Each structure stands twice: as C-alpha cells, then as structure tokens.
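Novice: Sharing a structure below in structure tokens format, with a few things to ask.
The values are calculated or read from the model by the stated rules, or taken from the named source; none is laboratory data. Only a predicted model underlies this, so the values are computations on that prediction, with no experimental measurement involved. Please note: Cβ atoms are built from the backbone with ideal geometry, for glycine as well, and neighbour counts cover all protein chains shown.
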2 protein chains.
Amino acid sequence: MSQPPDVESLRLLVLVGELGSLGRAARALDISQPSASKRMSTLERRLRLELVERGPGGSSLTTAGRVVSDWARRVLDELDVLLTGAEALRGERDAELRVAASMTVAEHLAPGWIAELRRNADGLYVGLQVTNSGTVADLVRRSEVALGFIESPSVPPGLNSRRVAADRLAVVVAPHHPWSRRRRPLTAAELAATPLVVRELGSGTRDTLERAVGAVQPLLELGSTTAVRSAVMNGAGPAVLSVLAVQADLADGRLVEVPVDGLDLRRSLRAVWPSGRKLGGHAATLLAVAVRSSQ
Amino acid sequence: MSQPPDVESLRLLVLVGELGSLGRAARALDISQPSASKRMSTLERRLRLELVERGPGGSSLTTAGRVVSDWARRVLDELDVLLTGAEALRGERDAELRVAASMTVAEHLAPGWIAELRRNADGLYVGLQVTNSGTVADLVRRSEVALGFIESPSVPPGLNSRRVAADRLAVVVAPHHPWSRRRRPLTAAELAATPLVVRELGSGTRDTLERAVGAVQPLLELGSTTAVRSAVMNGAGPAVLSVLAVQADLADGRLVEVPVDGLDLRRSLRAVWPSGRKLGGHAATLLAVAVRSSQ
DNA sequence: CTGACTCATAGCCCAAGGGTATGACCTGTT
DNA sequence: AACAGGTCATACCCTTGGGCTATGAGTCAG
C-alpha cells in the first residue's frame, strides 16, 4: 500500500485540468478513455484524495486537485530536464551539434538551453559531454565540440570566450542549524575552522571554495552536489554550494543561507570556442540562447 | 520504446551512487538484488546510457550516471513535495495540527515547512486546507484551524499576524519573446496595454496585478499558476506571476523576467492566528519554522 | 425522444517487474 | 591451492497493474 504515483498518472492529472475532461486527456495521452478513468481512480486511491470532480459535462479539478496538479507539474518539469539532458548526453557520436560543459553548467543550465534551442530548431539532436573545465577547453581546442562551457576563473589560452551566467557559492545549513539564527555574518576564519560537508577533491566547487578560504576541514566528503545538499538538509552540517543548486531550497525553506563577510565566492560561467574562428550555425544559436537567458 | 523511466528506478540510481553497490541499494529499497540489477539494466536501456560501472568490488556511477543521478534527485525531491503536500491535504479530519493556507503559500512554501516541522516532531500528522485568503481568515477566527497563511495586503480584523515571507510578482516572457531583448524597463502603461496570460478572476495573483495596474487585457485565462507558466514558456505571451512560482525557470533560462518601472508588485505572505490567544504547541513550532526559513 | 457527449464497470490479456535459485567472477584468507 | 565472502547477472516462475473492447448509466441539447 501507499505506492508511489507513477509519472503518467501525474501527467494525466495535469491534462485533465487543462483540457476539462478525462476523455480528452486520454486522447492527448493516446490511451483509451476507460484506461484514463481507471488510472485516475488509482491515483486518487493512492493519494487518498479526491482530485477531479466528474460530471456529465466533463471533469474539473477539485481544490486539492489543482494544488496537486501544480506539484505534479513541477515533478514533470524536472523529469523533462532529466530526459532532455539524457538525450543530449547520449548523443556524442552522431549528434548534429556537439558541446561540452563542466558539471555546474551541465546540471543546472544546459538542459534548459538545449530545450530552448530545440524549440526553435526542431528535431535538432544535441550531444553534451560532461567533464571538468580543463577537459572542456581541450575538446574545444581540438574541435571535438563546437562550443564549451567552463566555470574556471580564467579563460584558457587559444579560446574566445563570452560570459553566459553568474554563479556564486553560498554557505547553507538546515533550518534548525544554530547558524540559521545568527545575527551577524560569519567570518572567513570561522568558516575555515568549521568542518564542512564538501565535494571530493578536484571538483570545481571544492576548488573555488579552497581558493577562497584556504584549506577546509571535511566533515563528510560526497561525490555529487545534490548528495551534499541532501546531507545538509538531513542535518549533517554546513556546506558551501552553488546558488544554482540550492535556490529552490532556499526559497521554500529547506535550506537557509548564512551570510559571510570578507569572502568573494562569485564566479562566472563562460562559453568558449576556438579563437579566430567565428561561430556559426547551431553553435551560434545556442550561445545566443545562453546569453539571452542569463539576462 | 522510449518509455518514461519510473520513479523507483531513479531512486535506485541515486542510492547506488550513495551506497556504492547495487546490492546495498537493493536492500535499502527492500527489494532483492536481482530485481535491482534488472531494474538498473532497463533504466539504462530506456535512457540508452551507461549509468553504472559494475565491478566485483561494487558499482559506481559513470560520469553520465552522476549527472543523471543529480537530475533524478531533483525529480525525487519534487515528488517528495507532492507527497508531503498530499498527506497534509488529506488530513483535515483527524489531523493533530490543522492549518489553512492560500494558494501561493500552499503550493510553494507549506510542503517545505511541514516537512521541516515533521523532521523535529516525528510522526506528526498535519492537515492543510487550501482556499483563498478570506476563507483562511474565517477558518482561523472560528478556530477550525490553529494557524492560517494569507497573501492579502491587509490583516483581517480580529487576528494576530506575523510576516513569514516576501513575495513579488514579476513580468515574465519566453526567452525568444521580443521583450526579453528590451533595453529599458516596461512602463505601467505598456503593461496595461498588452494582452497577458492571466489567472482567472478571484485568484490572489490576478487581484494583486489588477490592484497595481488597473484592468488587464486577458489574452488567455487559465486556472492555475503553472498552467499560465507553461503557456508562457510555449510562447503564448507575457504573464505576471509570483517569483516563487518561476524562480527556477528564470535561473535556468526557460523564462526571462522583464523589469517594470513605476509599479509596486511586492506583497507579504503572513501567518495569522486568533488575536489575544497565545500560540502554543505545534502551531507555534510551525510558525517558528516558517519565520526562520524566510530569513 | 434521440443523439452526443460525459464517465464507470466488466472481462480479457499481456508484459513489466517481483521473487528464488544459481552461477560466474574477483579478492583476501587460511 | 582452496575456500569464504563479497560482487553482479541469468534463468525461471508468478503476480499484478494497466492496457484494450464492449457496454451501460447519466445528462443535456435539439
């Protein structure tokens, strides 16, 4: 009992809200009306909530249905990011546009840009390679990718570059952590003296952090940004993470940012391409999309 | 072919990354090791990506696996919001703590607060009622709920209140909309003269908007914030939405905010409770959580 | 009163995904 | 050298969730 709702049912719920009838939603999903009816019933049974108001003139969402539908849509949006990203990741060989990106860009920005690009250039198949900033520069230099995105503070030689987004590291803690009630900002020394949840050595985030505060004391060393994020939310301790990774959590209170004095934790995310050459075709469009969405 | 990945497989992927072996992940999910193995294979086949590096000493994520795992975690987090919210919605009758909230709070903030509250008060069952701000005030006055959250500009009589979060409406367009390339802010008059994608009459967002700019010209009238958001992303036209609803889209470039001159689109989200009485028990804790996560 | 729409129920069927049993592989220990 | 203990994969069976078609109940408009 209490199984997780499956994604297609959530999509069905959203569609019912938009189209005003179970039957129309069924047609949109390319399933039969009875299937949709049964699916919706099981979704309601699983959540133990009445979600749709059925009537002979169609169906509409109940109040609960509207709220759940909104949450559902966010789930579907994140899934969309995953699928767009996965498709780009898989390309590599036969892609029509190959790009490389460092972790932060690949995780948080690239899927959106690619989705936007593809909305204009229909059916375009993009290949996305994810590595560290140094390798991205190499790939661009050897023309194995048409465009690269890096997060290093300096522009590697032999490349043109354009700033496409701003990023900043933030000290974050769980809401019940004592630091969330501090009245004055942390000092750099306090931060350096406190054991932190950190990424592994060699990650861009860890590099930026150590460049700013010197050596850090690892409390827990984890292999991905969101693993760190989860650890912090579960009360493991403070961490320093890209605001891109935690903005939603800051907004809805799952995490709290702690201001810090005397540290510059900003960094630019840049697009790079072979110097001299002028960008053309899809690469130029993607760059334009990226630049435009940064402001 | 190309079926959507199911949620449990995503959870499995995340767990493999955290625990370092398929078997341990299987135990964590309370399924057998062969099931996990098969599941992971089908996930890889569906995404057509190699996600885990299998070896006799355990399994680790490939580069692609780490990236996908991060996206997966975000999907799971949103699903968590949905489930927490659904549980709160369903309470109502036998809940140990009953609260009421207007749409904006219920959608974007309440699930996080409730999850946080329950992390401290284990097993607490919270009932959440979602209506408009006026009804919330009534419910609080009649003590049908212990605490309410409203988004109206003034505090209804007979109630104590405390500001728990700031909100602001923002003009947003799709990235390829001409307004995204404007160099100077919109004027209030321009905004009033442009047909907008709006919520239905009576919604808090619509009210706030009309109070600020006078009458608006509906281009499309939709029943939920995220429906409006989707319409905008699909190029229907500009809309004015709570930043809480669109911050993630602004960050990853799916939407672009257009600055406006001469309009105050800010609003406060407030907690309300019967005046005179002092808040106690879980209600007081929830208020503290809400206040704390707002800063 | 009939046609057109809504949704629900019944019965059938397939395939996805669960479990157990087993085997291949590697590593460290005896 | 052989074995114990860990990894993961394969083979097999079985249950069930969810798909389909066919049908019926209800409502509304012409």
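Novice: Out of region B:1-20, which residues are away from chain A (no Cβ under 12 Å) and modelled with pLDDT of 90 or more?
Specialist: Residue satisfying the conditions is B:Leu12 alone.
Novice: While we're here: With respect to A:Asp207, determine if the residue is surrounded by 15 or more Cβ atoms within 10 Å (Cβ to Cβ), acidic (Asp, Glu) and touching a Leu at 6+ places or on another chain (Cβ under 7 Å).
Specialist: Against the criterion (surrounded by 15 or more Cβ atoms within 10 Å (Cβ to Cβ), acidic (Asp, Glu) and touching a Leu at 6+ places or on another chain (Cβ under 7 Å)), A:Asp207 does not qualify.
Novice: Are any of the residues in region A:71-80 more than 16 Å from DNA strand D (Cβ to nearest atom) and more than 7 Å from chain B (Cβ to nearest Cβ)?
Specialist: Yes, because at least one residue in region A:71-80 is more than 16 Å from DNA strand D (Cβ to nearest atom) and more than 7 Å from chain B (Cβ to nearest Cβ).
Novice: If you check B:Val67 against the conditions, is it within 22 Å of B:Leu279 (Cβ to Cβ), touching a strand residue (DSSP E or B) at 6+ places or on another chain (Cβ under 6 Å) and away from DNA strand D (no atom under 15 Å from the Cβ)?
Specialist: no
Novice: Give region A:4-28 a look and list any residue that's near DNA strand D (Cβ under 9 Å from one of its atoms) and out of contact with any helix residue (DSSP H, G or I) (no Cβ under 6 Å at 6 or more places or on another chain), or say none.
Specialist: Within region A:4-28, A:Asp6, A:Glu8 meet the criteria.
Novice: Also: Quick check on region A:254-270: of everything there that is within 28 Å of B:Asp167 (Cβ to Cβ) and over 18 Å from the mean Cα position of the chain (by Cα), which residue is surrounded by the most Cβ atoms within 10 Å (Cβ to Cβ)?
Specialist: A:Val256
Novice: Another one. How many residues are in contact (Cβ under 8 Å) with a residue 60 or more places away in the chain, over 30 Å from A:Ser293 (Cβ atoms) and away from every other protein chain (no Cβ under 14 Å) when one looks only at region A:151-191?
Specialist: Residues meeting the conditions: 4.
Novice: Right, something else. Do you know which residues across region A:115-129 are modelled with pLDDT of 90 or more and surrounded by fewer than 23 Cβ atoms within 10 Å (Cβ to Cβ)?
Specialist: A:Gly127, A:Gln129
Novice: Residue by residue through region B:38-64, note down the ones that are hydroxyl-bearing (Ser, Thr, Tyr), loosely packed, with under 15 Cβ neighbours inside 10 Å and within 9 Å of DNA strand D (Cβ to nearest atom).
Specialist: B:Ser41, the sole residue that qualifies.
Novice: Also: Taking region A:84-112 as the search range and keeping residues that are within 11 Å of another protein chain (Cβ to nearest Cβ) and more than 19 Å from A:Ser133 (Cα to Cα), which one is modelled with the highest pLDDT?
Specialist: Restricting to residues being within 11 Å of another protein chain (Cβ to nearest Cβ) and more than 19 Å from A:Ser133 (Cα to Cα), the top hit is A:Ala86.
Novice: Any residue in region A:21-28 that is exposed (fewer than 15 other Cβ atoms within 10 Å of the Cβ) and either of a type in the set (Gly, Ala, Ser) or modelled with pLDDT under 90 (or both)?
Specialist: no
Novice: I need the full set of residues from region B:3-24 which are among the small types (Gly, Ala, Ser) and more than 12 Å from DNA strand C (Cβ to nearest atom), in order please.
Specialist: B:Gly17, B:Gly20, B:Ser21
Novice: Filter region B:114-139 down to the residues that are within 18 Å of B:Leu82 (Cα to Cα) and part of a helix (DSSP H, G or I) and list them by number.
Specialist: B:Ile114, B:Ala115, B:Glu116, B:Leu117, B:Arg118, B:Arg119
Novice: Still on this model: Considering region A:90-113 alone, what residues qualify as being under 23 Å from A:Pro274 (Cβ atoms) and under 18 Å from the mean Cα position of the chain (by Cα)?
Specialist: A:Val99, A:Ala100, A:Ala101, A:Ser102, A:Met103, A:Thr104, A:Val105, A:Ala106, A:Leu109, A:Ala110, A:Trp113 - these are the residues of region A:90-113 that are under 23 Å from A:Pro274 (Cβ atoms) and under 18 Å from the mean Cα position of the chain (by Cα).
Novice: For the subset of region B:33-68 comprising residues that are modelled with pLDDT under 90 and within 8 Å of DNA strand C (Cβ to nearest atom), which member is farthest from the other protein chains (Cβ to nearest Cβ)?
Specialist: Selected residue: B:Pro56.
Novice: Could you list all residues from region A:183-202 that are of a type in the set (D, E, K, R) and within 17 Å of A:Gly237 (Cα to Cα)?
Specialist: A:Glu190, A:Arg199, A:Glu200
Novice: Now for a separate question. Among the hydroxyl-bearing types (Ser, Thr, Tyr) and farther than 21 Å from B:Arg266 by Cβ: which single residue out of B:Ser161, B:Ser180 fits that description?
Specialist: None of the others qualify; the one that does is B:Ser180.
Novice: Can you name every residue in region B:192-219 that is without any contact (Cβ under 8 Å) to a residue 60 or more places away in the chain and of a type in the set (Ser, Thr, Tyr)?
Specialist: Within region B:192-219, B:Thr194, B:Thr208 meet the criteria.
Novice: List the strands (runs of 3 or more DSSP E) inside region A:1-113, counting only whole elements, that have at least 1 residues being touching a residue at least 40 places away in the same chain (Cβ under 8 Å).
Specialist: A:58-61, A:97-101
Novice: Continuing with this model, one more query. Output the residues belonging to region A:140-168 that are in a strand (DSSP E or B), of a type in the set (A, V, I, L, M, F, W, C) and surrounded by fewer than 22 Cβ atoms within 10 Å (Cβ to Cβ).
Specialist: Passing the criteria: A:Leu159, A:Ala166.
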